[in-house]
Amino acid sequence: MTSASTLKDLDIEERMRLMRFVCSFAWVDLKITREERALCMHLISRLQLDRGEMRQVKKWLKSPPVPDSVDPTDVPRQHRVQFLRSVESMVAVDGEVTEGEREAVILFAQLIR
């Protein structure tokens, strides 16, 4: 396998872990925008999540994932670039990157090195 993974390389547990991270980054500025919600729906489709998994992601968009469930050390080494790109996309999708979002992405990148 190459060092850069794609979404199709993730197993279902890793796909849900990715969505937990993406949703947690959507909550950094304490609000979920239409664009952030749309990105999540796009990822649900690309990841081919089933109805139950989609319901869980929608719950995370109503209330953030539990902090203990988004531990950067749980990100598989071979998928770290994909996770980082996904959370970067989430914080940028609404066209406004707050200082808190920027700092959260930097910290995440440092923790998954």
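The values are calculated or read from the model by the stated rules, or taken from the named source; none is laboratory data. These numbers come from a predicted model, not from an experiment. Every residue, glycine among them, receives a Cβ derived from its backbone with ideal geometry; neighbour counts consider all protein chains shown.
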| field | Filtered residues of segment 68-96 (kept if more than 12 Å from Glu36 (Cα to Cα) and free of Cβ contacts under 8 Å to residues at least 12 places away in the same chain) | value | Asp68, Asp71, Arg77, Arg85
| query | So which of Val87, Val28 ends up being among the β-branched types (Val, Ile, Thr) and part of a loop (DSSP other than H, G, I, E, B)? | reply | Val28
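Take the residues in segment 1-34 that are farther than 19 Å from His79 by Cα and surrounded by 15 or more Cβ atoms within 10 Å (Cβ to Cβ); name whichever of them is modelled with the lowest pLDDT. Walk me through how you get there before you give the answer.
First pass over segment 1-34, keeping only residues farther than 19 Å from His79 by Cα: 26-34.
The next check asks that each one be surrounded by 15 or more Cβ atoms within 10 Å (Cβ to Cβ); those that pass are 26-29, 32.
Working: Ala26: 96, Trp27: 96, Val28: 95, Asp29: 92, Ile32: 96.
By that ranking, first place goes to Asp29.
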| field | Scope segment 1-25; condition outside any helix (DSSP H, G or I), of a type in the set (Gly, Ala, Ser) and closer than 24 Å to Val66 by Cβ; matching residues | value | none
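I'd like the full set of residues that are among the hydroxyl-bearing types (Ser, Thr, Tyr) and either buried (at least 18 other Cβ atoms within 10 Å of the Cβ) or over 10 Å from the mean Cα position of the chain (by Cα) (or both), limited to segment 78-112.
Across segment 78-112, the qualifying residues are Ser86, Thr98.
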| remark: Pairing a residue in segment 50-67 that is closer than 14 Å to Arg15 by Cβ with any residue that is not in a helix (DSSP H, G or I), where Cβ atoms lie under 8 Å and the two sit 6 or more apart in sequence or on different chains, gives Val57/Leu49
| request: Name every residue in segment 31-48 that is over 15 Å from Lys62 (Cβ atoms) and either assigned to a loop (DSSP other than H, G, I, E, B) or hydroxyl-bearing (Ser, Thr, Tyr) (or both), in order of residue number. | output: Ser45, Gln48
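Could you identify the single residue in Lys8, Lys58, Lys31, Lys62 that is more than 26 Å from Glu96 (Cβ to Cβ) and out of contact with any strand residue (DSSP E or B) (no Cβ under 9 Å at 6 or more places or on another chain)?
Answer to the selection: Lys8.
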| task | Hey, can you tell me all the residues within segment 1-23 that are under 17 Å from Met54 (Cβ atoms) and among the hydroxyl-bearing types (Ser, Thr, Tyr)? | result | none
